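The values are calculated or read from the model by the stated rules, or taken from the named source; none is laboratory data. Just so it is clear, the model here is predicted, and its values are computed rather than measured. Ideal geometry is used to build each Cβ from the backbone, glycine not excepted, and the neighbour counts take in all protein chains shown.
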Amino acid sequence: MLTMTYYVASIFLLLLCSHGAVAFHVSSAPSSSPSTTSLWAGMGMATKNKKSGTAKKTPYDVNASLLRLGKKYDELLLNNAKTLRKETEDDDDLMTSEYVIAARAGSIVPDWIPVAQLVLARSEEDSVLPIAAASYYCRELSQLAIQGSHVFQSVPRNLMEYSVEPADSFYKYVYDAVIDAKSVAMTTAQAREILGVAHDDDDAAIKQKYRRLSFDYHPDRAADKEEEYGQVQLAYETIGMRRMSQGHSWYASLGGRARTDFVGPIELMSLEKAENTLKASNVLLQSAVCGLNPSMVQSFVARSQSMLTR
């Protein structure tokens, strides 16, 4: 009976199809028509593309940069040594110069502290290039200052100021006065007595007495006056440290008028301008910075801070 029912139902459906009353449709896979694409986009495709275009920029790795620049510094000095050993000069030989960079930061670090050295290899002299290089490496210089002394750790980078000076000038007028005499102390009263100046003498009078005594006692003129010459240098340094509290820089005063190559504070360029300046002179790839010995940096910090307790 059940079989007969299925048979009758099949015959009935067949008759309906033959008369067009029922149509069978076979669904196919979705096509990539515009309407379908829009549907998928609305379900998240567009959002995915948008996210891929907003990737975060990799932070600047200043320590990796310093590692690379340290190697570059050694390479430039090695190349310079090879050039100096050559018997003849070539047109493409570069001049290599080193500079000492000092830093200060308002009331936190009120006077200059030498923190780094800069090397440039270039085809011709240009006083703008050391300033451009210091500007370009300002992030590295800030990190080198921190590595040299903890006094810079709390200083924001935008408060840092820098000075530039040829290395030979620094070691001639500054290094000897601080490092070689670091174990010697003198009161301001003793310093005035040695220089022969009064308490109310202005800078011009003090410098005049200092230059005259330095000339008289200089080892090139009086070989037996070396001790007196050292006392004059220390006396002038001591008075300079005291006057720093009155708005004068002890560091900048070292060497007197003979120290003419010290420049500071320099006006920092933007990174873009500094980079373009170095590229225009083909110096960008021929420059590097490195830190000074932390013990030497700390000697300058101690000398600078000692005036606050005198």
Quiz item: Taking SER270 and the conditions (1) touching a Phe, Trp or Tyr at 6+ places or on another chain (Cβ under 7 Å); (2) of a type in the set (Gly, Ala, Ser); (3) modelled with pLDDT of 90 or more, which numbered condition does it fall short on, given that it satisfies the others?
Solution: (1)
Exercise. Output the residue which, of all residues in segment 99-111 that are over 13 Å from GLN305 (Cβ atoms) and over 13 Å from the mean Cα position of the chain (by Cα), is surrounded by the fewest Cβ atoms within 10 Å (Cβ to Cβ).
Key: GLY106
Self-check item: Criterion: surrounded by 18 or more Cβ atoms within 10 Å (Cβ to Cβ), out of contact with any Gly (no Cβ under 7 Å at 6 or more places or on another chain) and more than 20 Å from VAL151 (Cβ to Cβ) - qualifying residue of ALA274, ALA258
Solution: ALA274
Quiz prompt | Hits in segment 203-220 - residues which are at pLDDT below 85 and more than 18 Å from ALA252 (Cβ to Cβ) | solution = PRO219, ASP220
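May I ask you to verify whether GLY264 is within 17 Å of SER169 (Cα to Cα), modelled with pLDDT of 80 or more and within 16 Å of the chain's Cα centre (by Cα)? Steps first, please.
Details: within 17 Å of SER169 (Cα to Cα): yes; modelled with pLDDT of 80 or more: yes; within 16 Å of the chain's Cα centre (by Cα): yes.
Answer is yes for this residue.
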Quiz prompt | Tally of residues being under 29 Å from ASP111 (Cα atoms) and either among the basic types (Lys, Arg) or out of contact with any helix residue (DSSP H, G or I) (no Cβ under 9 Å at 6 or more places or on another chain) (or both) across segment 273-306 | solution = 4
Practice problem: Mind listing just one residue for me: the one in segment 211-228 that is assigned to a helix (DSSP H, G or I) and over 14 Å from GLY256 (Cα atoms) and, of those, farthest from the chain's Cα centre (by Cα)? | Solution: ASP224
Quiz item: Taking segment 119-141 on its own, how many of its residues are closer than 16 Å to VAL100 by Cβ, buried (at least 23 other Cβ atoms within 10 Å of the Cβ) and small (Gly, Ala, Ser)?
Solution: 2
Practice problem: Taking SER304 as the residue in question, decide whether it is more than 27 Å from LEU67 (Cβ to Cβ), at pLDDT below 90 and in a helix (DSSP H, G or I). | Solution: yes
Quiz item: If we scan segment 201-221, do we find a residue that is of a type in the set (Lys, Arg) and closer than 25 Å to PRO114 by Cα?
Solution: yes
Quiz prompt | Given (1) farther than 30 Å from VAL62 by Cα; (2) surrounded by 13 or more Cβ atoms within 10 Å (Cβ to Cβ); (3) modelled with pLDDT under 90, index of the condition ASP200 fails | solution = (2)
Practice problem: For segment 184-193, indicate whether the set of residues that are free of Cβ contacts under 8 Å to residues at least 40 places away in the same chain, under 21 Å from ARG257 (Cα atoms) and assigned to a helix (DSSP H, G or I) is non-empty. | Solution: no
